[in-house]
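Here is the structure we will look at, set down as structure tokens.
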Amino acid sequence: MEKGVPQIMDITSIKSLLHYLSKNILPSRFETAQQPESNTIQLCFRGVDFQTWLEVSWHGDAPRILKINQPEKIGRESTLSKQIRYGLKYMALISIEQDNFERVIKFGFAKKPGDEIIKYLIFELMGKHSNIFYLDKNYKIISLGKQINSSQSSFRTISTGSIYSEPPINLKKIPTENESYQSWKKSISTVSESLKYCLINTYQGVSPILTTQLEFFSNLSSLEIMKKNIDCISDSDLKEIFKSWRIWINRFTNNNFQFSIFDNFFYCVWFLDNEINSDKTIDLLTGLENYYSFHLKQKKIKSLMQNINGIIFKQTNFEKKNLNMQFNLLSNSENHLAYKEQADKIFMNYKIHKKDIIKGQKLYKKSKKLKRAQELIKERIDIYKNKLDRLEEFSALLENLNSLKYEELIIKIKLLEEIREEICNEFNIKIKKKREEKKYISEIGSSPIQINTPRGLKLQIGRNMRQNDLISFKFSSKGDLWFHAQESPGSHVVLKSSSQTASEEDLQIAADLAALFSKARRNIKVPINLVKIKDLQKITKGGPGCVSFKKGEIIWGNPTRGEDYMKNNLKALI
């Protein structure tokens, strides 16, 4: 697997988490369920002195089961979560089953501990074939994550009301600690392939990440032993891999698990700290949750960035096309005098025929029409120029958000979603949203950055159009000061000087931050408009954050100095 892509949760990781759950939450009462995304369900269980939230995802790129902290209430009204919530109400989770190296997990529910199991939740965490099933005691499907029809699978079709059938039986060999080196070598040498695929194609439970772990554990990463053809690997190197192989089986069988990060990106649940030269012990459950939380958020941020950049690029080309069209019309309209002169020549002739009169009248009419159209065309040119300027502002906000690391990842995601929503609303763009984005978006808005000056005055910095609008008008007082890079798109910065008089140092810091949060932040010095809030006016027909002013002064901001101040006075919560 590549770096930068979240590691697939393999059978070893799944078993490590299920081992904890079996020991610590059985039995427990089912509390509630919610579906924050179309392919993710969150379940809550309560014991005598604990509450446990689990998140199960059947997304093809990152199927997983995790213990998580109590999440935000999003997705309680989805059909799947409603059916699970009402169907399992007051019921007890009394069993968790998972067979050896199969990635199928079965939760059994009864009215109370000791009673017969009457409901099941089954999670199949098998890459793109992952799914979730809610069954009755006869294994009839009450609800499921995704339907499977005959065109998607020739082995089984699954739909609501049908009887659940298990995935195809895995016919590969089961890894055992008692197998000899000769037998193991013979088994994986049947086909002449790379060692990685020999292991994957021969034994159950072997995933690409496990082969990476075995290679690392054996200190053979530098040789890239897993990529070599098995016939080209020395017996000594193969024996080192076999030693690691037996250690893995032993720890898998005996539930000896511990979370660790290796190779600076990948994680493992069967290495010990002294085996990777690490003296920092990480709790397994916390480690798994933090790993997937971080990398999935990073993936979403990347996706949102690409989506918004695509929208801006497409809309910019559209507005430029319209602007060029208006310039062509303006150029044609400037020929109105030529049409008038042609008509004048016709009527200056001594002999005029009826057809000449008709032609002359048409030329006069065309000349007047073009003359009248000039003002309208100029107005439209101004409109399209303003639209392009607004797109530049959105692009600057996006660029600053991408390069400056001052928000938690979840806040960054929220800011990106808000910026996308603002662009779409302002330019009347309709985009296809995923189901989770339509139904489960949180109503909580992001907040502007707030930081203190050296003398204790508050500074507010907008990171999107809505925030710019709020700090400039709703949150501001008459004595406050407004800062913005001159003739350069960027964030609004407001110095709360109504509480006490601002010093030269306060003004300079505000100017430096306005320079930093602008498109001109790569310059050494940036001219900054300093305006009193009372002299700031909102442009009625403009979008959020559109302002005008008549009085103001120019001071110079230093983006580098602004960045240093941010680093020293605001923690980066990443």
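When a/c reaches 1.5 or more, the comparison of a/b and b/c decides; with that in mind, is segment 181-282 rounded, prolate or oblate per its Cα gyration tensor?
Numbers: a/c = 2.08, a/b = 1.64, b/c = 1.26.
Judged from the Cα gyration tensor, segment 181-282 comes out prolate (a/c at least 1.5, a/b above b/c).
Taking a ≥ b ≥ c as the square roots of the eigenvalues of the Cα gyration tensor of segment 11-144, is the shape rounded (a/c under 1.5), prolate (a/b larger than b/c) or oblate?
Note, shape of segment 11-144 comes out rounded.
So how tilted is helix 354-403 from the main axis of the chain? Cα-based, degrees 0 to 90, rounded to 10.
Computed tilt is about 40 degrees.
To the nearest 20 debye, what charge dipole does the chain have about its Cα centre, counting +1 at the Cβ of each Lys and Arg and -1 at the Cβ of each Asp and Glu? Let's see the in-between values first.
Numbers: 90 positive and 65 negative charges, 711 e Å.
Taking the Cα centre of the chain as origin, the dipole is about 3420 debye.
Please compare each pair in Lys185/Lys280; Lys106/Lys430; Lys412/Lys496; Lys387/Lys414; Lys412/Lys551; Lys172/Lys239 to a cut-off of 30 Å on the Cα-Cα distance and tell me which ones are over it.
On the way: Lys185/Lys280 36 Å; Lys106/Lys430 41 Å; Lys412/Lys496 25 Å; Lys387/Lys414 24 Å; Lys412/Lys551 35 Å; Lys172/Lys239 22 Å.
Pairs exceeding the cut-off: Lys185/Lys280; Lys106/Lys430; Lys412/Lys551.
So how tilted is helix 11-24 from the main axis of the chain? Cα-based, degrees 0 to 90, rounded to 10.
The helix 11-24 is inclined about 80 degrees to the chain.
With a ≥ b ≥ c taken as the square roots of the eigenvalues of the C-alpha gyration tensor of segment 531-574, please select rounded if a/c is under 1.5 and otherwise prolate if a/b is larger than b/c or oblate if it is not? If you can, show how the numbers build up before the last one.
Values: a/c = 3.48, a/b = 1.79, b/c = 1.94.
Cα axes put segment 531-574 in the oblate bin.
Work out the length of the dipole vector of segment 181-282 about its Cα centre, built from +1 on the beta-carbon of each Lys and Arg and -1 on the beta-carbon of each Asp and Glu, and round it to the nearest 20 debye.
Working: 10 positive and 11 negative charges, 64 e Å.
In total the dipole reaches around 300 debye.
How far, in degrees from 0 to 90, does helix 409-426 lean away from the longest principal axis of the Cα atoms of the chain, to the nearest 10?
The answer is roughly 40 degrees.
Residue by residue through segment 100-113, which ³J(HN,Hα) values in whole Hz follow from phi under the Karplus form 6.51 cos²θ - 1.76 cosθ + 1.60 (θ = phi - 60°), with glycine and proline marked x?
Residue by residue, segment 100-113 yields 6, 9, 8, 8, 10, 10, 10, 9, x, 10, 9, 5, 7, x Hz.
As a check on your grasp of the helix formula, calculate [θ] at 222 nm for the chain: sum -39500 (n - 2.57) over DSSP H runs of n ≥ 4, divide by the residue count, round to the nearest 500.
-13500 deg cm²/dmol
Which FRET efficiency, nearest 0.05, do Thr501 and Lys385 yield, Cβ-Cβ r, R0 41 Å?
For R0 = 41 Å, the calculated efficiency reads 0.55.
Out of Pro208, Tyr181, Phe271, whose Cα points farthest toward the positive end of the dipole of the chain (charges: +1 Lys, Arg; -1 Asp, Glu; placed on Cβ)?
Projecting each Cα onto the dipole axis, the largest value belongs to Pro208.
Which three semi-axes in whole Å describe the equivalent ellipsoid of the chain, each the square root of 5 times a Cα gyration tensor eigenvalue, listed largest first?
The three semi-axes for the chain are 61, 32, 27 Å.
Which order do Asp273, Asp512 fall in if you start with the one that has the fewest other Cβ atoms within 10 Å?
Asp273, Asp512
Give the distance, in whole Å, between the Cα centre of segment 161-190 and the Cα centre of segment 448-488.
Between the Cα centre of segment 161-190 and that of segment 448-488, the gap is 63 Å.
Can you work out the FRET efficiency for the pair Lys300 and Phe266, with r the C-beta to C-beta distance and R0 = 25 Å, to the nearest 0.05?
Once rounded, the FRET efficiency stands at 0.75.
For labels at Ile429 and Glu392 in the simple 7 Å Cα→Cβ model, what's the distance in nm?
1.8
Where a number appears in this text, it was derived from the coordinates with a stated rule and is not lab data. The structure presented is a predicted model; accordingly, all values stated were derived computationally and were not measured. With ideal geometry, Cβ positions are generated from the backbone for all residues, glycine too; neighbour counts draw on all protein chains shown.
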